[in-house]
Amino acid sequence: MQILDGKIVSQAVKDALKIKTEALKNSGKKTPHLAAILIGNNGASETYVASKVKSCEEVGFKSSFIRLPDTVNESDLVAAIEQLNKDEDIDGILVQLPLPKQISEAKIINVINPDKDVDGFHPMSVGKMVQGLPTFIPATPYGILLMLQHYNIETKGKHAVVIGRSNIVGRPMSILLSRNTYPGNCTVTICHSHTQQLKEICLQADIIVAALGIPGFLKAEMVKENAVVIDVGITRVADETKKSGFAIKGDVDFINVAPKSSYITPVPGGVGLMTIAALLINTYNACEQKSL
Ligand code: NAD
């Protein structure tokens with residue numbers, strides 16, 4: 001069993017981006033600039049946005065952080081995004097999800113200029129991804145592809161089972177793994193909350209991507225010997241032994257699944273770090289596109 005180490009792979013991505021960003025600057029081109037909008041005081045969202053902003057600094061990008069109260073109305077949020085759409089110095093815009101109830105996620109995603117849609121959630125980006133055209137790929141599935149690539153994991157002809165069908169992880173992951181390229185060329189089964197005989201389906205998987213948000217859901221008896229196991233789940237679970245009062249748990253029963261797997265991602269230290277690395281690549285590409 002080998003650990004797929006998000007720390008090592010994301011650092012390699014960041015090191016390469018730092019050099020490329022320096023080169024951009026030295027050739028007189030603009031510095032990549034990511035704008036992040038955070039609404040309300042959700043602890044997990046605050047942590048994600050803080051990590052994204054910090055990672056921008058690490059690779060030499062500029063970042064702007066816009067905080068809005070959770071009482072913000074839809075039109076004020078739209079106005080804030082339109083401002084960023086117009087701002088020529090901003091290359092990438094991310095609106096941290098989830099949004100407060102009074103705001104339509106679909107509407108907000110639609111307002112982001114597709115050229116700045118570094119999260120890859122805009123219908124235009126999704127459509128291009130489905131057709132295999134160059135576009136921004138959602139950061140979490142993109143990060144997983146980078147991880148598979150880094151460890152040279154064979155995907156061609158493999159049966160990949162994706163658990164979860166959200167627009168940000170499961171669904172794009174299933175599409176990307178089925179593409180006629182590497183990593184891809186998998187036969188993909190996408191599972192969700194209405195899937196029957198999930199255990200039997202998982203037992204047929206050469207690659208399992210668990211993205212459902214239920215800590216420890218994927219048990220050893222659901223996993224075939226030597227499967228590749230990718231754990232996307234991030235759930236805060238109360239833990240009095242931690243200073244923060246909580247521990248981060250993945251969707252995989254890691255202790256029991258790891259010995260059966262050929263490769264496995266830990267939580268924390270796996271897919272979460274790759275998500276940020278992929279977001280940085282998208283932001284760099286958004287900037288470079290503009291600098292051409
Ligand atoms: P979501 O709640 O939008 O979707 C969950 C999906 O799981 C749904 O499609 C649902 O049908 C499916 N599901 C729920 N219960 C199921 C069951 N019993 N059996 C089979 N399928 C079931 O969640 P999401 O936004 O896709 O996130 C999933 C998890 O990944 C969460 O823990 C989230 O925090 C985490 N996440 C991590 C990263 C990262 O960078 N590592 C990024 C995004 C999300």
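Descriptive notes on the structure:
- Taking 0.36 nm per residue of separation and subtracting the current Cα-Cα distance, fully stretching the chain between Ser166 and Lys18 would add 50.1 nm.
- The ellipsoid that matches the Cα gyration tensor of region 1-104 has semi-axes, each √(5λ) in whole angstrom, of 28, 21, 9, with the longest given first.
- Since only Val49, Pro134, Met147 are under comparison, the one whose Cα sits farthest along the positive direction of the charge dipole of region 1-147, derived from C-beta charges on Lys, Arg, Asp and Glu, is Met147.
- Carbon/sulfur fraction of accessible area - the chain, other protein chains in place, 1.4 Å, %: 52 percent
- Solvent exposure of region 93-250, expressed per residue, is 48 Å² of accessible area, with all protein chains present and a 1.4 angstrom probe.
- Cβ-Cβ FRET estimate between Phe246 and Thr187, R0 fixed at 45 Å, reported to 0.05: 0.75
- Computed over region 28-114: relative contact order in percent, which uses C-alpha pairs under 8 Å that are six or more apart: 40 percent
- Listed peptides 82-89, 42-49, 272-279, 215-222 appear in the order 272-279, 215-222, 42-49, 82-89 once ranked by packing, highest mean of other Cβ atoms within 10 Å at the front.
- Put a plus charge on the Cβ of each Lys and Arg, a minus charge on the Cβ of each Asp and Glu, and nothing anywhere else: the dipole of region 202-244 about its Cα centre is then about 200 debye.
- Listed residues Val188, Val223, Val130, most fluctuating in the chain (Gaussian network, C-alpha, under 10 Å): Val130
- Between the helical axis of 6-26 and the longest alpha-carbon principal axis of the chain there is an angle of about 20 degrees.
- Compared with the rule-of-thumb size 2.2 N^0.38 Å for a compact globular protein, the chain has a Cα radius of gyration ratio of 1.00.
- Here the gap between Gln2 and Ser262, fully extended at 0.36 nm per residue and compared with their Cα-Cα distance, gives a gain of 93.0 nm.
- Using only side-chain charges placed at the Cβ, +1 for Lys and Arg and -1 for Asp and Glu, the dipole size of region 160-292 relative to its Cα centre rounds to 260 debye.
- Per-residue 3J(HN,Hα) values for region 115-127, derived from phi via the Karplus relation 6.51 cos²θ - 1.76 cosθ + 1.60 with θ = phi - 60°, read 6, 10, 7, 6, 7, x, 9, 5, x, 5, 5, 5, x Hz in sequence order (x marks Gly and Pro).
- Using a Gaussian network model of the chain in which every pair of alpha carbons under 10 angstrom is joined by a spring, one finds that among Gly60, Gly92, Gly120 the greatest mean-square fluctuation is at Gly60.
- A protection proxy built from the mean count of other Cβ atoms within 10 Å ranks the segments 159-172, 15-28, 199-212, most packed first, as 159-172, 199-212, 15-28.
- Fully extending the segment from Asp87 to Ala44, taken as 0.36 nm per residue of separation minus the present Cα-Cα distance, adds 12.7 nm.
- For Lys29, the aspartates and glutamates whose Cα comes closer than 17 Å to its Cα, not counting residues fewer than 8 places off in the same chain, are Asp87, Glu88, Asp89, Asp91, Glu288.
- Normalised contact order of the chain, rounded percent, pairs of Cα under 8 Å and 6 or more residues apart: 22 percent
The values are calculated or read from the model by the stated rules, or taken from the named source; none is laboratory data. This one's a predicted model, so the numbers in the text were calculated from it and none came from an experiment. Cβ atoms come from the backbone with ideal geometry, glycine included; neighbour counts cover every protein chain shown. Remember, those area values only see protein heavy atoms, side chains included, never the ligands or the DNA or RNA. Shrake-Rupley method; radii C 1.70, N 1.55, O 1.52, S 1.80 Å.
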